[in-house]
Structures are given as structure tokens and as C-alpha cells.
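Every number here is computed from the coordinates shown, using simple stated rules; none is lab data. In this text, all values refer to a predicted model and were calculated from it rather than measured experimentally. For neighbour counting, all protein chains shown are included, and Cβ atoms are generated from backbone atoms with ideal geometry for every residue, glycine included.
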Amino acid sequence: MKSRISLFVILIALLFFRIENLQHHAKADYKVTTWDAFGYYMYLPGVFIYHDVKDLKWVEHIDKKYAVTGGKFYHATQLESGTYTNKYLCGVALLQMPWFFLGHILAGVTDNPQDGFSSPYQYAIMFGAICWAMPGLLFLRKVLLHYFSDNVCFHTLIFSSGF
């Protein structure tokens, strides 16, 4: 029972911290697809918006507009043929895909650029991470309860969530 309460507390805290963070960044563009996260994410706009995952001609324009590379494009390696290969695996992009499409729809409805990096995409990806975290914590709870007491499970969940 105590570990169920911890899951509820974690969910409320995650939502609270995200909303607080959004208010802090309200005047600036909030970006969750920068630096290494860009490497994992760039499959989605590359495939579904720009139809370019080899030449990556869209990256320079997007980086100038949103500063997603962190100042240096290290996310893909240029091959002898002149095309690029991404250094990051696509698994994270697969998990982000439903949220990417939600962001794409929201960008169209709210007259934001449907370029894969405008605010609706950033917020959708950010809240999508919370939605994926909760099933992970539920699974962790189930495994822990199989081997440990509810009290140990409670403390593990609280400490593993960053509190």
C-alpha cells in the first residue's frame, strides 16, 4: 500500500516540477531536443517531415533557428559517399513517435511551424517522457514487491525518482 502511495506522489511531483519548469521558461523557447537528445530525436523529423536521413540538408537550417546541436554537429558521421549515418540508435525515437505525431498535430492546429522543433513538439516530447516513466515505475514496483517488502519498495521508488 505504501508503495502505491509513492507512485502517486512521484506522478504528482513530476507533473508539478514540469509545470513549474514551464512557467520558468515561459518567455523562452523550451527545448528538450538538444545536444544528445537531438541525435536520438532527429530520426523523426528526418523521416516524417524532411524525408532526408542520409544527406541531412535540413539540420543546418534547424540548428540556426533552434540551436539544437549544442554548437557542433557531432550526431552523425559523414561517410565516404558524402551521406551521413546517425551515431545514435533509433529506439528512443520509436518511443517518442506517438508524442512527435501529437506535437505535429498540435503545431498545425496552433499555427506553429510544423518543422519538428517548434514548441508543440518540445512539450509533447517532454510530457511523453512522463507518460513512459509511469509504466516503468509500475513495473519496477511489481518486480520489487516480488522480492522485497512494501517498505523497501516505497523507499526504492522514492529514491529512484530523484527525490
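Check every DSSP H run in the chain and write down those whose alpha carbon atoms cover 18 angstrom or more along the long axis and whose mean Kyte-Doolittle hydropathy is 0.5 or greater. Let's see the in-between values first.
Values: long enough: 2-24 (32 Å, 1.01); 91-109 (28 Å, 1.52); 119-147 (43 Å, 0.86).
Qualifying helices: 2-24, 91-109, 119-147.
May I ask you to derive the FRET efficiency for Ile12 and Phe139 from their Cβ-Cβ distance with R0 = 22 Å, giving the value to the nearest 0.05?
The pair Ile12/Phe139 has a calculated efficiency of 0.65.
Between Cys131 and Met97, what is the label-point separation in nm under the 7 Å Cα-to-beta-carbon projection?
Result for the modelled spin labels: 1.4 nm.
If the chain between Asn151 and Trp35 were fully stretched, how many nm would it gain, using 0.36 nm times the residue separation less the Cα-Cα distance?
Details: separation 116, 0.36 × 116 = 41.76 nm, distance 3.84 nm.
That pair, Asn151 and Trp35, stretches by 37.9 nm at full extension.
Taking the Cα centre of the range 31-160 as origin, sum charge times position over the Cβ atoms of Lys and Arg (+1) and Asp and Glu (-1), and report the length of that vector in debye to the nearest 20.
On the way: 9 positive and 9 negative charges, 43 e Å.
It works out to roughly 200 debye.
Taking every pair of distinct Cα atoms and averaging 1/r, then inverting, what Kirkwood hydrodynamic radius in Å comes out for the chain?
Working: mean 1/r = 0.0567 Å⁻¹.
Answer for the chain: a Kirkwood hydrodynamic radius of 17.6 Å.
List the GluC sites (Glu not before Pro) in the range 1-108 that DSSP assigns to loop (not H, G, I, E or B) and whose Cβ has at most 13 other Cβ atoms within 10 Å. Which are they? Before the final figure, lay out each step's value.
Values: sites: Glu20, Glu60, Glu80; in loops: Glu80.
Answer in residue order: Glu80.
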